[in-house]
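Everything on this sheet refers to the single structure shown next.
The values are calculated or read from the model by the stated rules, or taken from the named source; none is laboratory data. Source: prediction; values computed, not measured. Reconstructed Cβ throughout: ideal geometry from the backbone, glycine too, with neighbour counts over all protein chains shown. With ligands, DNA and RNA removed, areas are computed over all heavy atoms of the protein, side chains included. Shrake-Rupley method; radii C 1.70, N 1.55, O 1.52, S 1.80 Å.
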Amino acid sequence: MRHAMAIRRILTAEEPILRERTKRVSNFDSSLHRLLDDMLETMRDAPGVGLAANQIGVPLQVAIIEVDDKITELVNPQIVKGSGEQLDWEGCLSIPGYVAEVMRHDRVTVKARDRHGREFRTRGTELFSRALQHEIDHLNGVLYIDHLESLEELVRVSDAQEEVEEEAAAGI
Ligand code: CO
């Protein structure tokens, strides 16, 4: 039986659960599938290009990314390789209304499991790479503002619109 997907409330940065490390998933069952389905619905509604489970109050190593019409579901993801640097604008659905320039690896390779527990690897560049690093940070209790030297580097989206890439500003 299919269930109706639900839009969950996205927590904002002051919620302690966003600062805690999430737990590994060991059951790849229907409750995990429901969580992933709800995360996709919630991310699209926001709208954003990435979402981590702890952003909707579930402390598990689960994240989802949708870049260039490709959905990537990540369970227990780990960065196995990172190289190069890219500096670009970044936002977060848990820090609405703001963006900042954040230095990230240009390319990463990530090892993860899918919703059925099968292991896979994915490689990313540009925005997809940035989203992979941003979501895996979330699962370790890290927010993009932690990569800034000062919160004064935050820019209001309304002031930055001209120069900020639309997708990244939408939040990951
Ligand atoms: Co985020």
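Looking at V108, is it farther than 18 Å from Q78 by Cβ and in contact (Cβ under 8 Å) with a residue 12 or more places away in the chain?
no
Evaluation of T122 against the conditions (1) open to solvent by less than 40 Å² (accessible area, probe 1.4 Å); (2) modelled with pLDDT under 95; (3) part of a strand (DSSP E or B) shows that the sole unmet condition is (2).
Is it true that T72 is more than 12 Å from the ligand (Cβ to nearest atom), modelled with pLDDT of 95 or more, within 27 Å of R156 (Cβ to Cβ) and hydroxyl-bearing (S, T, Y)? Against the criterion (more than 12 Å from the ligand (Cβ to nearest atom), modelled with pLDDT of 95 or more, within 27 Å of R156 (Cβ to Cβ) and hydroxyl-bearing (S, T, Y)), T72 does not qualify. Scanning region 86-101 for residues that are of a type in the set (A, V, I, L, M) and within 11 Å of the ligand (Cβ to nearest atom) gives L93, I95. Within the option set L139, L143, being touching a residue at least 40 places away in the same chain (Cβ under 8 Å), among the aliphatic types (A, V, I, L, M) and surrounded by fewer than 17 Cβ atoms within 10 Å (Cβ to Cβ) holds for one residue only, L143.
For region 1-58, residues that are crowded, with 17+ Cβ neighbours inside 10 Å and either in contact with a helix residue (DSSP H, G or I) (Cβ under 7 Å, 6 or more places away or on another chain) or free of Cβ contacts under 8 Å to residues at least 12 places away in the same chain (or both) total 18.
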